[in-house]
Amino acid sequence: ATGSQDVYTPDKAVDGDATTYWESANNAFPQSLTVDLGAPQTVRRLVLKLPPSPDWGARTQTIAVLGSTDGSSFSTVVGPQDHRFDPATGNTVTVNLPGDTSLRLLRLTVSANTGWPAGQLGEVEVYATA
């Protein structure tokens, strides 16, 4: 990740527990979280989560999806889009990727968040099916 706050480290976004989360440096957009899938994979869909607690107010984060097969160059898979996270619907959003997306490294770049001055992700799930 390009940054994190306190105990909200990048590993929290891939620990299988949506109640823990990564939070980027505050007031420093854009911020990125990169996930290494270990080998090139076909990826069709991402499920992004924030903690499901109603204490988390609804928010919209602007997120771009980038990918790389070798780690040396990244290309845009899905340009910046607004994604609304709402505890009334589980604080979960789905991002569909083009059918020919193959990547080893997945980079999520957050450029805005209406609920907090940082990027926040509770869990990043990657799927090979749409």
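Each value in this text was obtained by applying a stated rule to the coordinates, not by laboratory testing. Given the structure is predicted, the values throughout are model-derived calculations rather than measurements. Positions of Cβ are generated from backbone atoms using ideal geometry, with glycine treated the same way; all protein chains shown enter the neighbour counts.
Seen from all directions on average, region 10-127 presents a Cα convex hull projection of 6.7 nm².
Top mean-square fluctuation among Leu46, Leu108, Leu37, Gaussian network model of the chain, C-alpha springs under 10 Å? Looking only at Leu46, Leu108, Leu37, the largest GNM fluctuation is found for Leu37.
Sequence-distant contacts, meaning Cα pairs under 8 Å at least 6 residues apart, place the relative contact order of region 10-127 at 44 percent.
Rounded to the nearest 20 debye, the dipole size of region 10-127 about its Cα centre is 240 debye, using +1 on the Cβ of Lys and Arg and -1 on the Cβ of Asp and Glu. Here the Gaussian network model covers the chain, with springs between Cα atoms less than 10 Å apart; of Thr101, Thr69, Thr89, Thr89 fluctuates the most. Region 1-38 and region 66-129 have their alpha-carbon centroids 12 Å apart. Listed values for region 106-119 are Karplus-derived 3J(HN,Hα) couplings in whole Hz (6.51 cos²θ - 1.76 cosθ + 1.60, θ = phi - 60°), namely 10, 10, 9, 10, 9, 10, 6, 8, 6, x, 6, x, 7, x, and x replaces Gly and Pro. With contacts taken as Cα pairs under 8 Å at a separation of at least 6 residues, region 49-97 carries a relative contact order of 44 percent. Local charge for Gly99 was computed over the other residues whose Cβ lies under 11 Å away, with Lys and Arg +1 and Asp and Glu -1, and equals +1. Eigenvalues of the alpha-carbon gyration tensor of region 15-68, scaled by 5 and square-rooted, set the equivalent ellipsoid semi-axes at 23, 16, 11 angstrom, largest first.
Using the Cβ of Asp6 as centre and a radius below 14 Å, the other residues enclosed give a net charge of -1, where K and R count +1 and D and E count -1. Summing charges over all other residues whose Cβ lies under 9 Å from the Cβ of Ser68, with Lys and Arg as +1 and Asp and Glu as -1, gives +1.
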